[in-house]
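Only one structure is covered here, and it is reproduced in the block below.
The values are calculated or read from the model by the stated rules, or taken from the named source; none is laboratory data. Model, not experiment: these values are computed from the prediction. All Cβ positions, glycine included, derive from the backbone under ideal geometry; neighbour counts span all protein chains shown.
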Amino acid sequence: MKTLKIAIQKSGRLNEKSVEILKNCGLSFENYKSSLISTVTNFPLEILFLRDDDIPEYVQDGIADLGIVGENVIIESGSEVTYLQKLGFGKCTLKIAIPNESHITEIAQLEGKAIATSYPVILEKYLRENHVNADIRMISGSVEIGPGLGLSDAICDIVSTGGTLKSNGLKPFAEVMKSEAVLIGKEGSELLPEVQELLQRIRSVLRAKE
Ligand code: PRT
Ligand code: ZN
């Protein structure tokens, strides 16, 4: 039997639920905060704990057979992987937001404006589809402080409750994409019997939750 590798987030918003779904599949493994790799004792599987940004590429390149990561991260990375199953957690929406006092009401008014984001690839595509030319400013974190600092006229970031936008004097303006955690595989990995077995277990865990 082939030993599969699955890459999941080491720490952050998706870590706990990713571990939980694997445990609920009946997989038995140690989950120490310090370990980067863990061997499942009752299934031919190793778990790699990674930064979420690295997961799509690891799966595309076959370093891992499978991965659990947010759709936003997959699309931003441009990696070619197969979507095997939506997992129903890590739900959020990538939105463009503007300062509360902004007079912008239509997408066309973003023309020539500076937009701060950690998702330049997704934002560029969205703007292109809407025939808008804007100045995309890549920031890797704390994007919401951009407008307050005079760094940008708008932002494009992930929103879940909307609390962060609110506390930074911003209001949502346009929805760019919805996202949730998904199980991805290297192209062709779905043909492996071990992947099929794991996929069936994951699907029955998800069905039991409905
Ligand atoms: O260290 P590593 O690189 O692995 O993690 P990370 O810091 O890049 O990612 P992490 O753990 O913050 O998020 C992992 C994934 O969770 C994201 O790629 C999304 O798919 C998903 N997710 C779900 C979220 C949120 N909800 C979320 N609320 N990712 C980020 N946020 C942030 C957002 O960036 C903003 O700063 O939370 C803030 C907004 O939250 P609200 O509730 O105030 O609207
Ligand atoms: Zn990340």
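Applying the condition of being exposed (fewer than 14 other Cβ atoms within 10 Å of the Cβ) and within 16 Å of ligand 1 (Cβ to nearest atom) to segment 143-165 and asking which residue is nearest to ASP53 (Cα to Cα) yields SER160.
With the condition being modelled with pLDDT of 95 or more and closer than 24 Å to LYS209 by Cβ, I'd like the strands (runs of 3 or more DSSP E) fully within segment 1-84 carrying at least 2 qualifying residues. Spell out the reasoning first.
Numbers: elements: 4-9, 37-39, 45-50, 66-70.
Here the list reads 4-9, 45-50, 66-70.
Please work out which residue is farthest from ligand 2 (Cβ to nearest atom), limiting yourself to segment 64-86 and to residues that are among the hydrophobic types (A, V, I, L, M, F, W, C) and closer than 18 Å to ASP53 by Cβ. Outline the logic, then answer.
So in segment 64-86, the residues among the hydrophobic types (A, V, I, L, M, F, W, C) come out as 64, 66, 68-69, 73-75, 81, 84.
In the following step, the residues that additionally are closer than 18 Å to ASP53 by Cβ were identified as 64, 66, 68-69, 73-75, 81.
Values: ALA64: 16, LEU66: 18, ILE68: 13, VAL69: 9, VAL73: 7, ILE74: 12, ILE75: 14, VAL81: 17 Å.
So, considering only residues that are among the hydrophobic types (A, V, I, L, M, F, W, C) and closer than 18 Å to ASP53 by Cβ, the one farthest from ligand 2 (Cβ to nearest atom) is LEU66.
Cβ-Cβ contacts under 6 Å between residues 6 or more apart (or on different chains), taken from a first residue in segment 8-28 that is closer than 16 Å to LEU66 by Cβ to a second residue that is in a helix (DSSP H, G or I) and among the basic types (Lys, Arg), are listed as CYS25/ARG201. Considered as a group, the residues in segment 183-210 that are over 16 Å from ALA64 (Cβ atoms) and among the acidic types (Asp, Glu) include one that is modelled with the lowest pLDDT, and that residue is GLU210.
Just one of ILE98, ILE37, ILE47 is away from ligand 2 (no atom under 14 Å from the Cβ) and either of a type in the set (Ser, Thr, Tyr) or assigned by TED's automatic domain parsing to the domain that holds PHE173 (or both); which is it? So that I can check it myself, show each step before the final result.
Values: ILE37 fails: either of a type in the set (Ser, Thr, Tyr) or assigned by TED's automatic domain parsing to the domain that holds PHE173 (or both); ILE47 fails: either of a type in the set (Ser, Thr, Tyr) or assigned by TED's automatic domain parsing to the domain that holds PHE173 (or both).
Of the residues listed, the single one that is away from ligand 2 (no atom under 14 Å from the Cβ) and either of a type in the set (Ser, Thr, Tyr) or assigned by TED's automatic domain parsing to the domain that holds PHE173 (or both) is ILE98.
Whether any residue in segment 62-71 is closer than 22 Å to GLU190 by Cα and surrounded by fewer than 17 Cβ atoms within 10 Å (Cβ to Cβ) is what I want to check. Yes, that holds for at least one residue.
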